[in-house]
Structure formats: C-alpha cells, structure tokens
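Accompanying notes for the structure given below.
What follows draws every value from the coordinates through simple rules; no lab data is involved. Bear in mind the structure is a predicted one, so any value in this text is a computation, not a measurement. Cβ coordinates were reconstructed from backbone atoms using ideal geometry, including for glycine residues, and neighbour counts include every protein chain displayed.
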Amino acid sequence: MKNNRYIAEAIGTFALVFAGCGAIVVNESFGGALGHLGVSTVFGLVVMAMIYSVGNVSGAHLNPAVTLGFVFAGRLELRNAPGYIGSQIIGALVAAASLRFLFPESATLGATLPGVDLLRAFIVEVLLSFVLMFVILNVSTGHMEKGIMAGVAVGGTIALEALIGGPLTGASMNPARSLAPALLSGNLSSIWLYLTAPVVGTWLAHPTCRWIQGPNCCVSTQDGEEPDGECDDKSCG
C-alpha cells in the first residue's frame with residue numbers, strides 16, 4: 001500500500017537524522033567522543049540499517065534528492081514524489097525536534113554548514129550527490145548478488161563521502177537532512193545550497209548510469225505502468 005511507503009520513508013528518515021545529526025551533537029557535547037570517523041560511520045550504518053529494514057516497502061530513499069533522482073531516471077512516477085518527499089521532511093523534522101528537546105544547549109543540532117566558500121561548497125555537494133546516486137542506480141538493478149549487498153554499498157558510500165566531504169560542507173547530499181536541523185536551530189543562511197546542489201547531482205547521475213549500464217540502469221514507464229519506484233532488492237539509500 002502506498003501509505004505504507006510513506007510511513008516507511010518517514011521512519012527511515014527520522015532514524016537517519018536522529019542518529020546522524022545526534023552523533024554530531026554528541027560529539028560536540030562530549031569532547032569529541034566519536035570523532036570525525038565515528039560520525040561518518042554512524043551516517044553510513046544508519047542508512048544501511050534502514051535500507052535493510054524498509055527497503056522492501058518504500059525503497060528506503062530517505063532523501064528527497066534520491067527520490068527525484070528516481071523520477072529523473074524513470075524509476076518512480078512523478079505523482080508519487082510529493083508523498084515521498086513530504087514523508088521524508090516530516091520524519092526529519094520530528095528527529096530534529098527530538099534532538100532539540102534532548103540537547104537544548106546545541107547551537108546547530110548537527111546542521112550542515114559550509115567550511116569553504118559557497119561556490120566550492122556547491123560543487124562539492126553536487127559531486128557527492130552525483131556519486132551517491134550513481135552507486136544507488138547501479139546497485140539497485142541487475143544481478144541478485146548486487147541487490148543483496150546493496151545496503152552495504154550505499155551505506156559505505158555515504159560513510160566514505162562523509163569522511164571526505166564532512167569538513168568541507170557537512171556532506172549533506174540530502175535536502176531533508178539539512179533542512180530540518182537548520183529550521184530547528186535557526187541556521188538558515190546557506191540552506192539554499194543544500195536544497196539545490198544534491199538535486200543537481202542526482203540529476204546528473206541518471207544519464208551517466210545509462211551511458212555505463214545501458215537501458216537496464218533506468219527503465220522508463222510504458223503504457224501507463226508504474227515502474228519500480230522502490231529499489232528492486234532493498235537497494236536505495
């Protein structure tokens with residue numbers, strides 16, 4: 001049922017923001033207890049866990065940019081995108097509100113803030129999001145062995161990109177993940193960057209995947225039939 005998809009997306013995105021942004025807040029509040037490696041690992045692990053938990057229900061997009069990436073690729077009907085994106089934003093906002101209640105002293109709640117100038121930050125977010133969506137599109141189609149390990153591949157990609165991009169931009173790759181803590185903490189000065197750059201990156205991934213994999217990468221709708229908006233083998237992220 002479609003409502004189950006949206007509930008799954010809300011819960012999955014809640015877990016992503018609560019665990020990931022919570023790791024940032026805990027690291028800041030307790031003298032760097034987790035460190036940059038620890039925070040990056042938390043983001044990768046929570047995404048991997050949610051893929052295997054709700055991937056069979058909704059595809060575990062957990063990210064408006066990923067949802068739009070599947071729309072661009074013809075793997076999700078445009079009419080279903082608002083429900084996905086709305087659910088993701090609601091889940092993220094509830095998570096950020098929970099962190100505000102638990103850590104009222106936090107100034108950012110794990111918000112993504114550029115560590116470099118805005119042009120470079122924009123380019124970094126586009127590239128990180130492109131790589132993430134490229135991996136998702138490639139591991140969510142094809143041979144079964146790819147699908148079985150897809151959660152590991154996507155979670156590992158997020159952890160790797162967080163390690164590299166975290167100091168530069170916060171390695172968002174996810175408008176909902178950035179919007180919720182920004183709203184709840186009032187850090188909105190650069191939010192436009194995190195709402196736009198990931199979408200550009202996921203859009204660029206579609207033609208590149210199709211170029212590499214051929215038509216099997218991205219299957220368009222035919223005769224009014226809805227494509228698999230969910231990843232075939234619990235393999236979105």
For this session: Report, in degrees rounded to the nearest 10, the 0 to 90 angle that the Cα long axis of helix 150-169 makes with the longest principal axis of the chain.
Result: 40 degrees
Problem set entry | Cα centroid separation - region 80-113 against region 11-32, whole Å | 11 Å
For this session: Report the charge-dipole magnitude of region 66-173 in Debye, nearest 20, computed about the Cα centre from +1 at each Lys and Arg Cβ and -1 at each Asp and Glu Cβ.
Result: 200 debye
Problem set entry | Principal axis dimensions, region 88-164 - Cα atoms, whole angstrom, descending | 48, 31, 20
For this session: Could you estimate the translational diffusion coefficient of the chain from the Stokes-Einstein equation, with Rh from the Kirkwood formula over C-alpha pairs, at 4 °C and 1.567 mPa s, in whole µm²/s?
Result: 75 µm²/s
Problem set entry | Degrees, to the nearest 10: 191-213 long Cα axis against longest axis of the chain | 30 degrees
Exercise. Assigning unit charges at the beta carbon (Lys, Arg +1; Asp, Glu -1) and nothing else, what dipole magnitude in debye, to the nearest 20, does the chain show about its Cα centre?
Worked result: 220 debye
Seminar exercise, completed: The exposure ranking of His36, His206, His61, fewest beta-carbon neighbours within 10 Å first, is His36, His206, His61
Problem set entry | Helix-derived mean residue ellipticity, 222 nm - over the chain, DSSP H n ≥ 4, -39500 (n - 2.57), to 500 | -23500 deg cm²/dmol
Exercise. Leu137: net charge of surrounding residues, Cβ under 10 Å, Lys/Arg +1, Asp/Glu -1, itself excluded?
Worked result: +2
For this session: For the chain, build the charge dipole from Cβ charges (+1 Lys, Arg; -1 Asp, Glu) around the Cα centre, then report which of Ala73, Asn4, Ile164 sits farthest towards its positive end.
Result: Ile164
